[in-house]
1. Keeping every protein chain present and rolling a 1.4 Å probe, give me the accessible area per residue for region 103-227 in Å².
2. Select one label from (i) 73, 39, 34; (ii) 61, 45, 36; (iii) 56, 53, 45: the one whose number is Cα extents along the principal axes in Å as derived from the coordinates shown.
3. With each pseudo-label sitting 7 Å past Cα toward Cβ, what's the L91-L381 distance in nm, one decimal?
4. Using modelled amide H (1.01 Å from N, peptide plane; none on Pro or chain starts), what sits under 5 Å from the amide H of D266, excluding residues fewer than 5 places away?
5. Under 18 Å from the Cα of K289, which aspartates and glutamates turn up, not counting those fewer than eight places away in the same chain?
6. Using each residue's phi in region 50-62, evaluate 6.51 cos²θ - 1.76 cosθ + 1.60 at θ = phi - 60° and report the 3J(HN,Hα) Karplus result to the nearest Hz, with x for Gly and Pro.
7. Take the Cα of A395, step 7 Å along the line toward its Cβ, and report every residue of region 129-173 whose backbone nitrogen sits under 20 Å from that point.
8. Could you tell me the ratio Rg/Rh of region 286-393? Both radii from Cα atoms, Rh via Kirkwood.
Amino acid sequence: MMRRWFLIVLILGTAVPAFGGGIDNKQNFSAAYVGSLSRNAATDGADAAAYNPAGLMQLQNGTYLEVDLQPFTFDYDHEFNGETQTASPNLIAPMAFGVHKREKWAVWGAFTINGGGGETEYDNGNIITQTVENLMAAGAFYRGAGILPGGTLSQPYAYAKSYDYAFTTGLSYDLHPMVSVAAGVRYVITDKEVDLHGTYNGSYILAKYEQEADGFGGVIGIDIHPSDKLNIGIRYESEVNLDWDTDTGGSNPDGIFLLRQFGRVDGQSYARDLPAVLAIGLEWKILPKLTLKPSFSLYFEEDADWDTQNYAVDGNSFDLALALQYDVNADWSLTAGYLYIDVDMKPENFGIIEQMNPPLDCHAFALGAKYRMTEQITLTLSAAGYFYKDDTAPATLVSPEVTYDKTLYQGGIGIQYRF
């Protein structure tokens, strides 16, 4: 039983700051998304390469280059044993898009962060290090490593870094005046690092490892525009198979022993696939200057291979979004949006991936502005706040009851140049 729990809470792998999307998948690809939270039927910018690639056929002819920066600030809380341990990371995520569009076809590419998203750090430990301390104190690692029972873990520390970089390129084509299609290929390369350490009965224990994986997937899309007032976008992203190769060279002997006992052996790997996504969106011009933009995204986590966590989810995550765009004049457009994220994973099933970055249900709100500075240059500014519903994992034989909570604030700035 203790060996099983240590496997679950210490070395299943990790991912960090989660925002719009499912447990692993992310959707925060552009400043325009930050300002509306709903881009699944987008046709008005190069970032549609990530959200509605078939809709790129509604752009004017030309070449588009767009670069977006998204600053984030987080507040992650683990409340247990009457105390709260907090991580407050900050990061800036870059994204880029390119489109070359002609009368009947377009080629496009996108660089996005489709999973992971940064790094987080608990300077005074968290529920993971507390559980590890309980296991050592109970004598779970006395044999082999000689870690004596009855001790305490001082100066606990937990750190995780994870990025899933996605490079996508494809072709869009006009089938009919009202229908366009798109297909592309995606390459995902990942970088992950975990560092858990502390001093137990005077002995320094460092369990540290790095993991890398890469894989290919596909993207297809269709855009249906029966009138100037209505547009429908549909996108499907295939699952990306990712097998994480493990390097434990950063650990000390006690840390290596603990990792080896529970499956994190140098040179071995485990699966954590990036799930497939189905995204559907609508843009409906209900008034000459006002457009309604709902979106729905479904993440097929039940079908993805997550190795020892294959049965951790009870259903697939989804999100629902609704945005409004008001076109002030030919130069300015204002947006506002709401997003609801639903994840179907109980906190008692969280591994370290989820404990470092708990997947919780969420309500998010956004505001944005788009300024067409010239015929060639468009500037987008935006901001969003994500407010997660706290959830509690019950106490177990080796872990106290813990309540997970978090908030996230995000900004966006994007500039697009057309020539």
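The values are calculated or read from the model by the stated rules, or taken from the named source; none is laboratory data. These numbers were taken from a predicted model, which means no experiment stands behind them. Don't worry about glycine lacking a Cβ; one is built from the backbone with ideal geometry, like all the others, and counts go over all protein chains shown. Surface accessibility is based on the protein's heavy atoms, side chains included, excluding ligands, DNA and RNA. Shrake-Rupley method; radii C 1.70, N 1.55, O 1.52, S 1.80 Å.
1. 41 Å²
2. (i)
3. Placing both labels 7 Å along Cα→Cβ, they lie 2.6 nm apart.
4. Correct list: T248.
5. Candidates past the 8-residue exclusion: D44, D228, D327, D331.
6. Once θ is set to phi - 60°, the couplings for region 50-62 become 8, 9, 8, x, 5, x, 4, 5, 8, 6, 5, 4, x Hz.
7. 129-140, 150-153
8. 1.13
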